[in-house]
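The structure under discussion appears below in the form of structure tokens.
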Amino acid sequence: MIEIDEHDKIFVLTGAGISAESGIPTFRSGSGLWEQYRIEDVCTPKAWRKKPGLVWEFYSARRAHAKTTLPNDAHKALAALETTMGDRFFLCTQNVDNLHEQAGSHRLTHIHGELFKSRCPDCDKVVNDDKVYRDLSEVGHCTCGAMLRPHIVFFQEVPLELDAVEDRIVKSTLLVSIGTSGTVAPANEFVNLARMAGARTVYIGLEAPENHASFNQVILGKAGEVVPHVFQVMG
Ligand code: NAD
Ligand code: ZN
């Protein structure tokens, strides 16, 4: 049980594990989409420079697949917790799918970008875009003329809205991390920042994450089974 009293401010960090039960393969599960591609070919600034067609092929396939998925009980439970806690709740996801939004979450940040948006590589304008491109010639262009890229933070790029996220962490009294292996920086450092600020820290997931020693409590289990029953809101 994670008890939440009327003074608590909660910061929730989610990773690929929370979407696994919705049918979106995690990064390291060794199944599905990721298996057919090497990260360095589809998810780096160099890949985008050298082979934008392959990058778009990969993210188009992810869009097509993600469109067939629905939020699970863990996504829904977090949306319900937000309804109960209001501004004392904040969600930060490393996921690029939109399952948190589909479940009804509002107070959330996607630090690794969003699958259903594209961005201008030149002027940084972000647009809604859920198209599945079969060919590079179909990809849309910005008003400035440049070809759009996926609104995804590639490896070696800096995550989005980090200042706001870190500000939120240091003001929180409780950090709960769900379904993230603790291997991708800087998100794997959030728990230490929270602890330095005096917060309690809990991990929920199938196995202990790499940074497990930084958590006060580790609860092992599937997100869809644990999250709906783990929060006890006292005020
Ligand atoms: P990861 O794949 O490294 O780790 C996933 C973690 O989830 C593992 O520790 C695993 O034990 C756990 N897990 C698996 N199934 C679970 C379940 N049913 N319930 C609870 N936990 C479960 O993922 P990461 O740490 O998020 O890092 C991977 C990177 O790849 C991120 O940067 C993310 O942006 C990206 N990614 C995103 C998605 C998505 O948008 N859904 C999917 C795959 C990868
Ligand atoms: Zn532009």
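Here the Karplus curve 6.51 cos²θ - 1.76 cosθ + 1.60, taken at θ = phi - 60°, turns the phi angles of the stretch 52-62 into couplings of x, x, 5, 4, 5, 4, 5, 6, 5, 5, 5 Hz, with x standing for Gly and Pro. Coupling constants for the stretch 203-209 follow from the phi torsions by the Karplus curve (6.51 cos²θ - 1.76 cosθ + 1.60, θ = phi - 60°), and in residue order they are 10, 10, x, 5, 9, 4, x Hz; glycine and proline get x.
Our helix-only sum for the chain, with -39,500 (n - 2.57) per DSSP H run of n ≥ 4 divided by its residues, gives a mean residue ellipticity at 222 nm of -8000 deg cm²/dmol. Grab the stretch 76-235 and count how many Lys pairs have their alpha-carbon atoms under 30 Å apart, sequence gap of 8 or more, or different chains. For the stretch 76-235, qualifying lysine pairs total 9.
Heavy-atom accessible area for residue 136, with the other protein chains in place and a 1.4 Å probe, reaches approximately 70 Å². Couplings for the stretch 190-200, taken from phi via the Karplus curve 6.51 cos²θ - 1.76 cosθ + 1.60 with θ = phi - 60°, read 4, 4, 5, 4, 4, 5, 4, 7, x, 7, 6 Hz in order; Gly and Pro are left as x. Against the criterion of solvent-accessible heavy-atom surface with a 1.4 angstrom probe, 167, 122, 129 sort, most first, into 122, 167, 129. Only Cα pairs under 8 Å and 6+ residues apart enter the sum, and on that basis the relative contact order of the chain stands at 27 percent. In degrees between 0 and 90, to the nearest 10, how far off the longest principal axis of the chain does helix 73-85 point, with axes built from Cα atoms? It is inclined by approximately 60 degrees. Taking +1 at the Cβ of each Lys and Arg and -1 at the Cβ of each Asp and Glu, which of 170, 224, 16 sits farthest along the dipole of the chain towards its positive end, judged by Cα position relative to the Cα centre? The listed residue farthest towards the positive side: 16.
The values are calculated or read from the model by the stated rules, or taken from the named source; none is laboratory data. What you see is a predicted model, and the numbers here were worked out from it, not measured in a lab. No Cβ is skipped: glycine too gets one built from the backbone with ideal geometry, and neighbour counts run over all protein chains shown. Heavy atoms of the whole protein, side chains included, go into the accessibility calculation; ligands, DNA and RNA do not. Shrake-Rupley method; radii C 1.70, N 1.55, O 1.52, S 1.80 Å.
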